[in-house]
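The values are calculated or read from the model by the stated rules, or taken from the named source; none is laboratory data. None of these values were measured; they are calculated from a predicted model. Counting neighbours? That spans all protein chains shown, and the Cβs are built from the backbone with ideal geometry, glycine included.
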Amino acid sequence: MPPPTLPPHEILEEGNPREGKLRSIRFNDWTITSRKAPILNSTEIESAQTDLGIPLPEMIFGHNHLTFEHKHGFRLEFRALDALRRVDSTSESSEMIKVAYAEEWTSKSNTSHEDIKDVIKPYDWTFSTDYKGSHVGVVDGQQFESTTDLIDIEKLKVPDPILFYEDNILYEDELADNGTALLNVRLRVMPTCFFLLQRFFLRVDEVLFRMNDTRVYHEFGSTHILREYSSREDHYAKIRAMWCVGVPRILELSRLPNLILTSLPANPAIQGRGYLTSNGSQLDLSRAPTAAEGGHSARES
């Protein structure tokens, strides 16, 4: 059987991994760009820490980003430093895990993990973030609002050809050898739609798992974008007992299929869904903004 005929689209590549590489697709009035570059250097780290007010993760890809831009003004970006702005920098935040998982934390502190004291910092040392992307260059009046519309998962199960795929790491930290915190973003563009999943994954050994997901979906030809945010977490021992009987090394937990990780119970209090609107109605991506609508804004949301 001959391969399916793909719709006209343009793939652009420039740069190199050493200095930073850009890959982008131009398709259906969208330009979607992924940039991958080395981790920040010491000067950049010092500047970013001063700006953010907290130390940075061990591996911070501050120049990496994934950007959606429509020809009529809508722009949404996913960037590491913007995500870190959503990390709780208050001194009280460092105690939250100890309170919520007191029994596990006490047990962990009393066992062989003598270096647990090294991970406690006067900020959220897990680097947990509820970041949902940054609006840059959005026409005034366009914003994500609550909606009952859902991302059509069944459409995403259709084996359409992939025109463009990216997996981009924004930051990672091993929590002083007490687990892992990872923020990455994955994108696939098909002939009918695009779908993005940004996932913050946290594992604190012997204490908890946490997973914060942001999903962005757009069906080409429609006038709106759907975004869904969910947060899930559960006790480490419960997940290990449920899925990892006979697994000799806890590191294997981080390699479990997404199907298992998504079995973590959701916290409805911090779930949200939204679609882009303009002055209370669905954004019409088919027209250019008028002069009266001019004026760009940049916001995290």
**OP:** Name the residue, out of Y229, Y217, Y165, that is free of Cβ contacts under 8 Å to residues at least 40 places away in the same chain and either surrounded by 21 or more Cβ atoms within 10 Å (Cβ to Cβ) or in contact with a Lys or Arg (Cβ under 9 Å, 6 or more places away or on another chain) (or both).
**Re:** Y165
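So that you can scan it fast, the table gives a plain yes or no per residue for (1) under 21 Å from S34 (Cα atoms); (2) modelled with pLDDT of 90 or more:
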position: F144; (1), (2): no, no
position: N178; (1), (2): no, no
position: V189; (1), (2): yes, yes
position: L208; (1), (2): no, no
position: V216; (1), (2): yes, yes
position: T223; (1), (2): no, no
position: R227; (1), (2): yes, no
Original post:
From the set of residues in the stretch 1-23 that are in a strand (DSSP E or B) and touching a residue at least 60 places away in the same chain (Cβ under 8 Å), which is surrounded by the most Cβ atoms within 10 Å (Cβ to Cβ)?
Top reply: R23
Original post:
Among (1) modelled with pLDDT under 70; (2) of a type in the set (A, V, I, L, M); (3) surrounded by fewer than 18 Cβ atoms within 10 Å (Cβ to Cβ), where does L253 come up short?
Top reply: (3)
Subject >> Options F209, F194: the member that is touching a residue at least 40 places away in the same chain (Cβ under 8 Å) and within 18 Å of I153 (Cβ to Cβ) >> reply: F194
Subject >> Filter result (within 16 Å of the chain's Cα centre (by Cα) and of a type in the set (K, R)) within the stretch 219-240 >> reply: R227, R232
